[in-house]
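A short worksheet on the structure shown next.
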Amino acid sequence: MTRIGELVTLRPVASVQASKRVIQDEDLTWEQFHYAHRCFIQHIMKSEWPDEHAQALLCFFIEIESSPFVTRENGKKALLTYAARVRRNWMDMMKGGGEVFNIALINDELLESVSREIQSKMTAELQRQ
């Protein structure tokens, strides 16, 4: 919908562009992630997702927020990056109609790999300065 003066008109979905202020999941602050995932879960519940998927996603977010990684150096960034990648992959698998993995189970090896990747990037940035 768009409003022109007193008129409200419908616009084709194809003409609607994503906001230029969108922040990618992995670029959210820890606080933004905390707020965003709660809103996301509320919308999922309202849109009547299958209960098993909604519960798995809720458990996933709880696991991310309560992970011991939070206290590590760059731990929050590692968790945000891991969450973004895993959730995106899980959603893509759901859209494909195939079997999905249990997103609530944290893949410790993948999380460690993401952590090492972030640490390498941070080290490279420091060396450039």
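The values are calculated or read from the model by the stated rules, or taken from the named source; none is laboratory data. Everything numeric here is computed off the predicted structure, so don't read it as measured data. Quick reminder, even Gly has a Cβ in these numbers, built from the backbone with ideal geometry, and neighbours come from all protein chains shown. Surface areas here come from the heavy atoms of the whole protein model, side chains and all, with no ligands, DNA or RNA. Shrake-Rupley method; radii C 1.70, N 1.55, O 1.52, S 1.80 Å.
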Only one of Arg116, Arg85 is open to solvent by 90 Å² or more (accessible area, probe 1.4 Å) and touching an Asp or Glu at 6+ places or on another chain (Cβ under 8 Å), namely Arg85
For the range 1-58: of the residues being of a type in the set (S, T, N, Q), open to solvent by 90 Å² or more (accessible area, probe 1.4 Å) and under 22 Å from Ala83 (Cα atoms), which is modelled with the highest pLDDT? Gln42
In the range 74-93, is there at least one residue being within 18 Å of the chain's Cα centre (by Cα) and outside any helix (DSSP H, G or I)? yes
Test Glu109 against the stated conditions and say whether it is free of Cβ contacts under 8 Å to residues at least 12 places away in the same chain, in a helix (DSSP H, G or I) and open to solvent by 70 Å² or more (accessible area, probe 1.4 Å). yes
Take the residues in the range 88-104 that are in contact (Cβ under 8 Å) with a residue 24 or more places away in the chain and in contact with an Asp or Glu (Cβ under 8 Å, 6 or more places away or on another chain), then tell me which one is nearest to Asp27 (Cα to Cα). Arg88
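Using the structure shown, decide if Glu109 is over 22 Å from Gln24 (Cβ atoms) and either at pLDDT 95 or above or among the basic types (Lys, Arg) (or both).
Values: over 22 Å from Gln24 (Cβ atoms): yes; either at pLDDT 95 or above or among the basic types (Lys, Arg) (or both): yes.
Here the answer is yes, as Glu109 does meet what is asked.
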